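Structure first, commentary second.
What follows is calculated from the coordinates using simple rules that are stated; it is not laboratory data. These figures come from a predicted structure and were not determined experimentally. With ideal geometry, Cβ positions are generated from the backbone for all residues, glycine too; neighbour counts draw on all protein chains shown.
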Amino acid sequence: MAARRETDAINTLTTHYIDGEFVASHGREVMDIVRPTDAKVIGRVTLGDEEDTRRAVAAARRAFAAFGRTTKEERVATLRRLHQAVSARIDDLTAAMVEEYGGVVQFARLIVESGANAFLAAEKGLQELPMTQAWCKTTVTLEPVGVGGLITAWNANALFICLKLASAVAAGCTVVIKPSELSSLQTAVMVECLDAAGLPKGACNVVIGRGDVVGAELVRNPDVDKISFTGSVAVGERIMRDGAATMKRVTLELGGKSPTILLDDAVLDQAVPSALAMAFLNSGQACAAGTRLLVPRRRLDDVKHGIREGMRAFSVGDPADPKTAIGPMVSQRQYDRVQSYIRKGVEEGAEVLAGGEGHPEGFEAGYFVKPTVLVNVRNEMTVAQE
């Protein structure tokens, strides 16, 4: 499952990580991996199916019998090995995120480092957490839930995998991870890290596949006790509904339309650059991005001036260049989606203050978007709601 960092090499991924082994995919659907900076095919991945998922779940269920009884000290040791294994590959994980996802290099490295540090944070939390607490005649003992199905998004692959896995290991749960198929090369490097960490066989399994195939099987499989999902509201609704059939515990981290609010006393030369930084975080592909900016009407003209000036800092370019602030969208589908929202905003009466439709000049080959700010947006507009 190794991923090579070569500009025009074709990476072929045909295995999943099940029961401590790299096993050939039972699924036969092959998907191209496309580099978003120039739309070139840089790899192919064979996607898993329901049978691959069931094998992974069965391995996790078998492993839970022993892993669920591990001591706090044993889990701490496992978390430390995971931290060491991921930390040793930070350069490779960062390079994979830059090439496959198009994440700007400085942010990509921060994402990967944060993922590695999640294991240390989980270790600290585990050591500080009392496993048994008593009140009067009541005693509460914390026990692992069981097998977790961890479904992650494409915009911070290493971080999501590490965060979810760290919590599961600390709790004594075994897992099946379903990363986004758009992050296959990044996942390949991460799985090498997980294998190097020497977890018990079956404690951590990884199946790359589509959400409506692999993810759906995890949600309906009665041997999966908990689902942790990061993604869209629409998919989150289906998971909540379908998981109820087997009484699964479900944790959802979904998208939003978070506003940044400038009050009357805001210092604009500080507040506006900060608001723009939050809006264009991770090239704008972030659930935490402050995609709306609400300002006092009397200060609107000053804020517009500040935005025009501040947008100069958000250069579009090669994500491998440390000077680049905005990389490409992850896929043609995402590019088209963003373009449709810009177009819809204008059609519904918004004014383009910066950016607009189309590719930035000189970046027509890939999925680059002009960093765009719309003003005179009313709350009922599509761009304010979605």
Cα centroid separation - region 175-192 against region 125-164, whole Å: 21 Å
- line: With region 184-255 reduced to its Cα atoms and the Debye formula applied, log10 I(q)/I(0) at q = 0.13, 0.16, 0.22 1/Å amounts to -0.45, -0.66, -1.03
Rg followed by Dmax, in Å, when region 39-94 is reduced to its Cα trace: 16.9, 48
query: For the chain, what's the relative contact order in percent, using C-alpha pairs closer than 8 Å and at least 6 residues apart?
result: 18 percent
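What is region 259-385's relative contact order, in percent, from Cα pairs under 8 angstrom and six or more apart in sequence?
Relative contact order comes out at 20 percent.
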- prompt: What pairs from 40/257; 257/304; 344/370; 164/323 go past 25 Å between their alpha carbons?
  reply: 40/257; 164/323
query: Taking the chain as a Gaussian network, where each spring joins two C-alpha atoms under 10 Å apart, which residue of 337, 44, 80 fluctuates the most?
result: 337
statement: Listed residues 66, 325, 85; largest mean-square fluctuation, Gaussian network over the chain with Cα springs below 10 Å, found at 66
task: Just report the Cα centroid separation between region 282-321 and region 217-246, whole Å.
output: 35 Å
- line: Out of 244, 234, 56, a Gaussian network model of the chain with alpha-carbon springs under 10 Å gives the largest mean-square fluctuation to 234
Convex hull of region 259-385 built on C-alpha atoms - directionally averaged projected area, nm²: 7.8 nm²
query: What number, in nm² with one decimal, is the all-direction average of the projected area of the convex hull of the alpha-carbon atoms of region 11-254?
result: 13.2 nm²
statement: For the chain, whose charge dipole is built from +1 on Lys and Arg Cβ atoms and -1 on Asp and Glu Cβ atoms, the candidate among 115, 23, 59 with its Cα farthest towards the positive end is 59
